[in-house]
Amino acid sequence: MPEEPCQCPDCQRFYKEHDRLVREFPTLRQQQELNWAALQSFRTLAGRVLEDLQKQYGYKNNESTLGSNGEFSGEDEMNEELHQALTDLENINAHLFSIEVLMEKIFDVRVPEVVEDKFKELAGELAPDPLNPDRLRLNRLLHQTPDLPDKSSN
């Protein structure tokens with residue numbers, strides 16, 4: 001029996017957006033362009049936020065120091081939290097650059113019209129399916145839970 005789709009507001013918003021993107025961009029070429037634009041906008045915004053925060057806070061690549069009692073003070077804890085956030089943003093940007101390299105390979109793919117027609121045909125079937133495996137897998141990622149074990153292998 002398939003897993004029931006999650007009904008939380010985040011998942012409902014994801015389902016609605018997922019279906020809209022499949023319906024409105026039902027060809028390989030349109031999906032390539034859509035994903036490229038989304039990747040570039042994410043990379044641009046994340047890079048700019050990182051750059052501005054580094055300038056604003058005079059970001060240095062050293063650790064916060066402990067107070068005289070061996071613990072972080074409130075300000076030091078804030079600095080440590082900001083340091084961690086900046087490190088996370090640096091990692092996100094590095095991952096986005098890696099994804100960009102992979103996406104360039106996807107753009108090398110060109111398919112005949114018969115394949116694009118198959119994309120359009122199946123888009124109509126996939127968009128409204130709340131139990132689509134890709135949708136369920138992304139649903140679990142939204143909730144930071146690992147994929148369920150494959151039941152067919154038991």
Residue list for the stretch 92-123, restricted to those being surrounded by 12 or more Cβ atoms within 10 Å (Cβ to Cβ) and among the polar types (S, T, N, Q): N93
Neighbours by Cβ (under 7 Å, 6+ apart or cross-chain): first from the stretch 14-35, of a type in the set (F, W, Y); second modelled with pLDDT of 90 or more: F25/Q31; F25/L34
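Look through the stretch 48-75, keep the residues that are buried (at least 16 other Cβ atoms within 10 Å of the Cβ) and not hydroxyl-bearing (S, T, Y), and return whichever of them is modelled with the highest pLDDT.
Checking each candidate, the answer is L50.
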Among (1) closer than 30 Å to V101 by Cβ; (2) touching a residue at least 40 places away in the same chain (Cβ under 8 Å); (3) touching a helix residue (DSSP H, G or I) at 6+ places or on another chain (Cβ under 7 Å), the one test that P5 misses: (1)
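Which of the following residues is aliphatic (A, V, I, L, M), closer than 30 Å to G47 by Cα and at pLDDT 90 or above: V101, V114? Break it down into steps so the answer makes sense when it comes.
On the way: V114 fails: closer than 30 Å to G47 by Cα.
None of the others qualify; the one that does is V101.
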Within the stretch 74-121, considering residues that are of a type in the set (V, I, T) and within 24 Å of E24 (Cβ to Cβ), the one farthest from the chain's Cα centre (by Cα): V114
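The values are calculated or read from the model by the stated rules, or taken from the named source; none is laboratory data. Just so it is clear, the structure is predicted and the values come from calculations on it, not from any experiment. For neighbour counting, all protein chains shown are included, and Cβ atoms are generated from backbone atoms with ideal geometry for every residue, glycine included.
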